[in-house]
Structure formats: C-alpha cells, structure tokens
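> The structure is given below, and queries will be raised subsequently.
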Amino acid sequence: MSFVAELRRRNVIRMAGLYLVGAWLVVQVAETLLPAFGVPDWVLRATIILLAIGFVPALVFAWVFEMTPEGLKREGAIPAAGATAPVTSQRINRTIVVLLLVAVAYFAMDKFVLAPTRDTAVAATTEAAADTAKAGASIAVLPFVNMSADADNSYFADGISEELLNVLAGIPGLTVASRTSSFTFKGKDTPVPEIARQLGVQHVLEGSVRKQGNRVRITAQLIRAGTDAHLWSQTYDRDLTDIFQVQEEIAQSIADEMAGLLPVAQVSVTASTGDLEAYERFLRGRSRFYQRQELEQGLADLKFAVERDPELAEAWVYLAATNYVLPGYLDISAKGPTREDTRQSVAQARKRLPAHPLVAAIEGSLRVESGDWIAGLDTLARASELRSPDSTPALWYGLSLLQAGYVDQAIVALERAHRIDPLVGINNGYLGVARLSAGQFEAGAQDILRAADQGWTVGNAMLGIEYLGRGEKARAAAVLADGGNDEDGSAQFLRDFETATSEPSKAKFLAEQFVAGGNYESLIMLGLNDAFLDTMLADATPGSASRGTRLQWTRFTLRNLWLPSTKAIREDPRFYEIAKINGLARLWEARGYPGTCSRIKDTSGDHLSCPVPTP
C-alpha cells in the first residue's frame, strides 16, 4: 500500500481538512467577538499562532490513534477485524460538511450584515479623527490690546490683528475663526478655554500693540486652549516700515508650532504699500467698516488711503464696501454716498483684487438692486463659496434669497453665514427671520432673541409683527420693548405704537410720521397694509421723488414680506406690481415662484397665491 493510500486509510488527510476548516472558523469568530469585549490584540495573534502550531500534532495524532467503540486506541493495537477507520471517515466527512455550511453562513453574515456596520463604524471613526485633526489645526485671533497712550490707536491695533488673521487664513489646512466672532471678546475677561469652546478652535493668538511715532512694539503669544498653556511668545520692537515683516514672522512661527497638524507651510507676506500713512488709515477704515461704527470717518480714512496710494488694493475693496453699506446707517434725509460711488470704487477693486469675495458680493448686490436678479444671485452665490473668514458674502446672498422669497435656499445660505460667524447678532437674527418665514416659529424666535442678546435688535420688530399676526399683542409688546432704546429712537416708537393701537384716531397721524422717517414696517404693525403697499408702490415707481426707492424696498421686503402674518400683503396685486418694477417677477418666471406661491392672472390685477407653509 502506498504512503498516500495509508494516509487516506488512517484519515490523516480528512483530519487536515477538518482542522483547517475548524481553525479558520475559530479565527473568524474570534476576530469579530474579541474586540467587542475589549480583549487586547495580542490574544487574537496568540490564538492564530497556537492553531498553526497545533496543525502538525493533529495530523500525527490522526496517524497514530483511532477512535473505537472502546475508546481511543493506538492504530497498531487494533485487530484488522475491529478496524473502525471507515466509520471514522464518514463521521469526519459529516463534520467537515457541517463546518463548511457554518463557514458559508458566517461568510454571508459577515459580508452582508457585519461588514456594512463595521464599515460605517470605521467611516465614523475616520471622520471623527479628521474632525479632531481639523479642530487641532484651528486658531482664533483675538483683537490685540492697544497699549498706546492715544486711544485712537485702538483701530490700528485692531487692524494689525485683522492683518494677522488674513495671513493665517491663507495657510493651507489651518482653520481660522471669523474676525467678527473673535472680536466679540474685545474688552472682555472671558477665559481663553471658554473663548476657544465658543469659537470651536484649539489655539488662540492674543497680544498687544504699542505705537509711538514710527516705532511699534508688538507682543504676540500662542495659547493651547485645552491646557491654557503658552506655546510660543515673542515681542517685536521695530520701525513701522517693518510691519509686514513682523506679520510674516508671527504667522511663520505659528505655522511652525502647528507643524504636526499642518502641511509644511512657508508663509510669505508682501508689503501692500510703501506709504505707511496710507496703510494706517486703511487699517482704521477697515476696522470701522467691520465694526459698523463711525462709518463716515471710516469712509474718509479709506478715501485718504486710495488717494495717497491708488495701488493699495484692499483699501479699494473696503471703500466700495463702506460706500455700499453706509446709506443704510444714515437718517433717511441725510446725504451719503451714492450707488455710483460704490460702482466706481468696486470697479477699481476688481482691477486689483478680482478674486476677493467681498468684491463679488458687492457686485452681486448691486445687480440685484438694479433688477438683474438672475446675474446678481449667481454672482452672490459664487462670492459666498469663496474661502474667507468673513461671513458677509454668505449673509448678503442669504438676504437676497430671502428678499426674493426663496426661503429654504435662504436658510441654507444664512446657516453657512452663522457657521462662519456664530457670535454675530445679524447672522443669528436674519436666520431667525428666515425660519419664521418658513413656518419654523419656535426656532426662528430663539434665533432672534439670541441675536438681541448679542446686541442686534432689528429682528425684534419682525418677531413682533409675527406675534401681532398671531393675535398675541402682549407678547409682541414685550419683544418690541426688549428691542427698544432711546439712543436709536426705538423706545419712542414703542410708545407711539402703544398710543396708535390704543387710540385708533391717532394711528393715521403717527403713520405719516413713520413714513417720513422711513419706518415703513411700522405700518404693518399698525395693520395699515393699504398704506404700506401704496407707499412702497409709489417709492418703487421710476421717477419717484422718494429717496432710495429700491434700497427701501429691498430692506423692508427681506424683513417682513415672507412672514406667515404678511400673507395678505404678498397676495395683493400691488405687491406683484412692485415685484414687476423691481425685476422680481422676471426672476420668478425664469427660476420658479418661491415656496408655495404661484401666479394668479386676474382682470383686477395679477397677484400671488401663497399658502402659508407648515413647519
């Protein structure tokens, strides 16, 4: 008998197959179950090694011994008449078949049940690790403290902080908290770990600036938020002419400190101007624009900067931005920059910085105001997608969508603005207005009240309108009172409003005062929808003597006219006529009517039908 035949007779080959199938099944089950119980990895490795070592002894055992009815005996001690090898062969065959069926069942379960769950868990772990890495490579730049004797140098200190923020924002892989949210902590004693928590960053850069004549001392320190530990600190005593070199050195030091979290980054800062006086005035003007304070002085600063150095590109950008926003901060009778001023300055900015997000945002807003809604919204959409630590482009895009009635799209854009700048009142407030307009009353009210806590109380008027529309006069009065103060005249308006609602005979007189002051939404609060629509239609009509026709229309449309409570206004034929004059009707015909609205053609005048959305 050959050796192979003897191996078969003694079931050694069958035992090899049985052992391999059984060992594979044991390893697969162990690989699945052991991690679930927190068993160390070495246990699985040891199991595999022991099974591999046991393979040869198992074959030897099968050669030497045979299972008989009397128990295990050496193969040589069994008489030929009592040999049971054929019976053992059948048992081994059956066992192998059973194990193979179990293996196939396990393989199917692993592939179609366990693997998808495992892949999901791995993906979640990978995503979490990526988020952790992203959070690690993140920083907020706090406003540097002005250490100069001249308090006016506070704008210069803010400007240096903004310059560093912009330089850091250009480092690949580094997430930089928005300027506006970071600057909400100016003058506050908030602990660094709490600042980092609110801004969602792992590092904070803080410092101070002392300027005296043409000398400047800048102290900067990088702090790890979790431990409040100082990772790096440096003081620079330089001539003002070295200011750009100092910015480069600070940014490079920060990149070096985060070398384990970022790709290798070589920071380079190019001097934007050789005229230091123009540069200082630019820093002051830009800071005033961002803070929306002393805008007229900011406009003068920026004009001075571009006159001294017409190639100071960013000065043109913020001159255009200030020209654009300033009229909205002036009294209705005051004379401010015109839209032609904005167009001229943004054209100069585009020549020098065509990819700047704020340039595209201004151009898109101007197109919207001129009635070219399709091109304007497309331009604003591109501006909002450009990488920037400034939420302004996303905010303006969201406001234009809201004005056009595309409430759901507006919410998406405004949520992005909120993510960029979560601590800015206007971002919370208009997100709340959009949510109110979508029928999400509780969420919208919370956003608006949060905005009021952050100092932006404009949304209180919209929430008040909605409360009035719901018949909740007491709650309307309460929310309006929270948004009123004597400094901006809103407290007096509240007193007048109470008078008008309690004494209807005085409502008309007060309404005329509201219109004269540009306070058009007050007409809605007083229930004077006809007066509101007639006034807005007259203002929108070409050739109207009223100041800022389309500016006023834009402002009040996006504040009020898509709220559930203003349904009667937007379904009035006069509203559709205003929409035709301002180009909105052309947009709706091209891109679809907003939300639940549709156009109704009627001999008395076309109008919208807009069922109120349900949350």
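> Going through the range 282-305 one residue at a time, which ones are more than 20 Å from Phe183 (Cβ to Cβ) and either within 29 Å of the chain's Cα centre (by Cα) or surrounded by 24 or more Cβ atoms within 10 Å (Cβ to Cβ) (or both)?
Ala305
> With (1) at pLDDT 70 or above; (2) touching a helix residue (DSSP H, G or I) at 6+ places or on another chain (Cβ under 9 Å); (3) loosely packed, with under 11 Cβ neighbours inside 10 Å as the list, and Gly54 as the residue in question, which single condition is left unmet?
The failed condition is (3).
> Within the range 177-205, which residues are on the phi > 0 side of the Ramachandran plot and without any contact (Cβ under 8 Å) to a residue 12 or more places away in the chain?
Listed by number, the list holds a single entry, Gly187.
> Among the numbered conditions (1) farther than 16 Å from Gly464 by Cβ; (2) modelled with pLDDT under 75; (3) surrounded by 18 or more Cβ atoms within 10 Å (Cβ to Cβ), tell me where Thr535 comes up short.
Of (1) farther than 16 Å from Gly464 by Cβ; (2) modelled with pLDDT under 75; (3) surrounded by 18 or more Cβ atoms within 10 Å (Cβ to Cβ), only one is false for Thr535: (2).
> Residues of the range 339-368 being among the hydrophobic types (A, V, I, L, M, F, W, C) and within 26 Å of the chain's Cα centre (by Cα), which ones?
The answer is Leu353, Ala355, Leu358, Val359, Ala360, Ala361, Ile362, Leu366, Val368.
> Select from the range 465-483 the residues that are in a loop (DSSP other than H, G, I, E, B) and at pLDDT 80 or above and list them in ascending order.
Arg470, Gly471, Glu472
> Follow-up question, since we're still on this one. Give me the residue from the range 148-168 that is hydroxyl-bearing (Ser, Thr, Tyr) and crowded, with 20+ Cβ neighbours inside 10 Å and, out of that set, nearest to Ala220 (Cα to Cα).
Taking the candidates together, the pick is Ser161.
> Among the residues of the range 445-484, write down those that are in contact (Cβ under 8 Å) with a residue 40 or more places away in the chain, in contact with a Ser or Thr (Cβ under 8 Å, 6 or more places away or on another chain) and β-branched (Val, Ile, Thr).
Answer for the range 445-484, where residues must be in contact (Cβ under 8 Å) with a residue 40 or more places away in the chain, in contact with a Ser or Thr (Cβ under 8 Å, 6 or more places away or on another chain) and β-branched (Val, Ile, Thr): just Ile465.
> When residues of the range 326-342 are filtered for being touching an Asp or Glu at 6+ places or on another chain (Cβ under 9 Å) and under 29 Å from Ala590 (Cα atoms), how many remain?
1
> Can I ask one more? Please go through the range 185-214 and pick out each residue that is modelled with pLDDT of 90 or more, out of contact with any strand residue (DSSP E or B) (no Cβ under 8 Å at 6 or more places or on another chain), within 30 Å of Thr241 (Cα to Cα) and not charged (D, E, K, R).
Residue satisfying the conditions is Phe185 alone.
> Please specify each residue of the range 193-219 satisfying the condition of being part of a helix (DSSP H, G or I) and surrounded by fewer than 20 Cβ atoms within 10 Å (Cβ to Cβ).
Pro193, Glu194, Arg197, Gln198
> Would you mind telling me which numbered condition in (1) under 24 Å from the mean Cα position of the chain (by Cα); (2) more than 22 Å from Glu311 (Cβ to Cβ); (3) in contact (Cβ under 8 Å) with a residue 12 or more places away in the chain Gln266 fails?
Condition not satisfied by Gln266: (1).
> How about the range 136-165: which of its residues are out of contact with any Lys or Arg (no Cβ under 6 Å at 6 or more places or on another chain), more than 20 Å from Ala196 (Cβ to Cβ) and hydroxyl-bearing (Ser, Thr, Tyr)?
Matches in the range 136-165: Ser154 only.
> Do the conditions hold for Gly439, that is, is it on the phi > 0 side of the Ramachandran plot and either modelled with pLDDT of 90 or more or assigned to a helix (DSSP H, G or I) (or both)?
Against the criterion (on the phi > 0 side of the Ramachandran plot and either modelled with pLDDT of 90 or more or assigned to a helix (DSSP H, G or I) (or both)), Gly439 qualifies.
> Which condition does Trp232 not pass, out of (1) closer than 14 Å to Leu142 by Cα; (2) in a strand (DSSP E or B); (3) of a type in the set (A, V, I, L, M, F, W, C), if it passes all the others?
Going through the list (1) closer than 14 Å to Leu142 by Cα; (2) in a strand (DSSP E or B); (3) of a type in the set (A, V, I, L, M, F, W, C), Trp232 breaks only (1).
> With Leu174, Leu222 as the choices, which residue is crowded, with 21+ Cβ neighbours inside 10 Å and modelled with pLDDT of 90 or more?
Going through Leu174, Leu222 in turn, just one is crowded, with 21+ Cβ neighbours inside 10 Å and modelled with pLDDT of 90 or more: Leu222.
> Out of Thr603, Thr614, Thr566, which single residue is at pLDDT 70 or above and either outside the structural domain of Leu399 (by TED's automatic domain parsing) or over 30 Å from Asn428 (Cα atoms) (or both)?
Thr603
> Continuing with the same structure: From the list Ala169, Ala196, Ala220, Ala177, exactly one residue is more than 18 Å from Ile420 (Cβ to Cβ) and among the hydrophobic types (A, V, I, L, M, F, W, C). Which is it?
Ala220
The values are calculated or read from the model by the stated rules, or taken from the named source; none is laboratory data. These numbers were taken from a predicted model, which means no experiment stands behind them. Reconstructed Cβ throughout: ideal geometry from the backbone, glycine too, with neighbour counts over all protein chains shown.
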